[in-house]
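To start, the structure under review is shown below, and the notes come after it.
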Amino acid sequence: MNCPNCKTNNVRLFHDSVWSIENGKVYQCKECTLTFIYPMMSEKEEHEFYKNFNEHIKARGLATGESLENYHNKSLMIAKERMNIVSKYFVDKSKVLEVGSSTGAFLSLLQNCDTSAVEPSDDNREFSKQFITNKTYSLIEEISESEKFDIICMFHVFEHIREPAKFLANCKKLLKENGIILIEVPHIEDPLISIYDIKEFKDFVFQPMHPMIYSVASLEYLFKQNGFSSTEVIYHQRYGLSNHLAWLKYKKPGGDKIFDEIFKEDKEYKKSIEFTKKTDTLFYIVSKV
C-alpha cells in the first residue's frame, strides 16, 4: 500500500475502523504524515454516496430537516467566526471564488469583493445567488481559464477531495499571479484524537466522505509539490470544553446541555489547545509560485 500523497509504502495502521465501511481502515504515512481512509471510494461509489448524502447525514445524527433559510442563518454564525480569523486576506475589490459555498453564508460577508461560487447542490447554489456578485457553478471544471481570481477559498471542503493534486492543478489555472488559496480543514491532531485518544470519536470522525485527514506536514508536502508556497498556518479550536467532556462521558456525539451551560465561557481552554497546536481545525494559506 502506498501513501496517496508522497507515494511511499512506509505507512502504518492508525485506526482499525471507518464509519459505515465494513472492514475499513485508517492508515498514516510515516514520511509525509498524511492520514487516509482505505479502501477509498471509487468514483462510482462516491457518486452513489453523495446522491444519498442526506440519508448518510441523518444516520450520523446531524440532519434536522430545517429550511434552507434557517440553515443559512446558522451557517452565517460560523462564517462570521471564520471571517474574524482570515479577514485580512479579503481586501476591497478582491476577486474571490469559494469552492463548496453551500448557501453563500461566507460570501455574503464580502460586501466589497467580486464573488463567484462553486456549489454542487442545486438548492444551495440557487439560494446563494442572492449573495453572489458574479457567477455560480456546479463544478470547478466549468470555469473558463480566462477567469482569474485573487483568492480561491474553501472551508471544510478540501478533505472531501479524492484527487487533490488534480484539483489543485485546476485551481492554479484560475489564480492570478501572486493569488492565494485559503482552506480550512479538520486537523489530524484534534485533541479528542491526539490528547484524549477516544476510540469512539475516531470510529465516528473517520468516514468515507473524508478520504484524507491532513496535518501541517502533509499539507506542506502536497501544496509544494503542486506549485504553491506556504504563507500562513492558523491553528484554530472550534469545539470547546463542553464538547470534550460530553465525548469523555458519553462516548458519542450529541453534547450535554448542562456542560453547555456551565462551560459556555471557555475561551482560555480553546486558547490553551491552540497554543499546543493540537487543534481540531487548521487554516492553511498558500500563494501561487
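Bear in mind these aren't lab numbers, they're just calculated from the coordinates by the rules spelled out. Computed from a predicted structure; not experimentally measured. Neighbour counts run over all protein chains shown; Cβ positions are idealised from the backbone, glycine included.
Estimated from helices alone, the mean residue ellipticity of the chain at 222 nm is -10000 deg cm²/dmol (sum of -39500 (n - 2.57) over DSSP H runs with n ≥ 4, per residue). Calculated FRET efficiency, Leu68 to Asp16, Cβ-Cβ distance, R0 = 25 Å: about 0.05 to the nearest 0.05.
For Cys113, nonlocal amide neighbours, meaning residues 5 or more places apart or on other chains whose placed amide H falls under 5 Å from its own, are Lys93. Between the listed residues Asn73, Ala105, Met83, the Cα displaced farthest toward the positive end of the dipole of region 71-136, a dipole computed from Cβ unit charges relative to the Cα centre, is found at Met83.
The convex hull defined by the C-alpha atoms of the chain has an orientation-averaged projected area of 14.9 nm². Within the listed set Ser42, Ser138, Ser215, the Gaussian network model of the chain (springs between alpha-carbon atoms below 10 Å) gives the highest mean-square fluctuation for Ser42. Neighbours of Ser87, meaning other residues whose beta-carbon lies under 14 angstrom from its beta-carbon, give a summed charge of -1 when Lys and Arg score +1 and Asp and Glu score -1. Put in order of Cβ neighbour count within 10 Å, fewest first, the listed residues Trp19, Trp247 become Trp19, Trp247. Using every pair of distinct Cα positions in region 1-141, the Kirkwood expression returns a hydrodynamic radius of 17.8 angstrom. From least to most packed, judged by other beta carbons within 10 angstrom and beginning with the fewest, Glu159, Glu268, Glu184 follow the order Glu268, Glu159, Glu184. Going from the fewest other Cβ atoms within 10 Å to the most, the residues Met41, Met1, Met154, Met83 appear in the order Met1, Met83, Met41, Met154.
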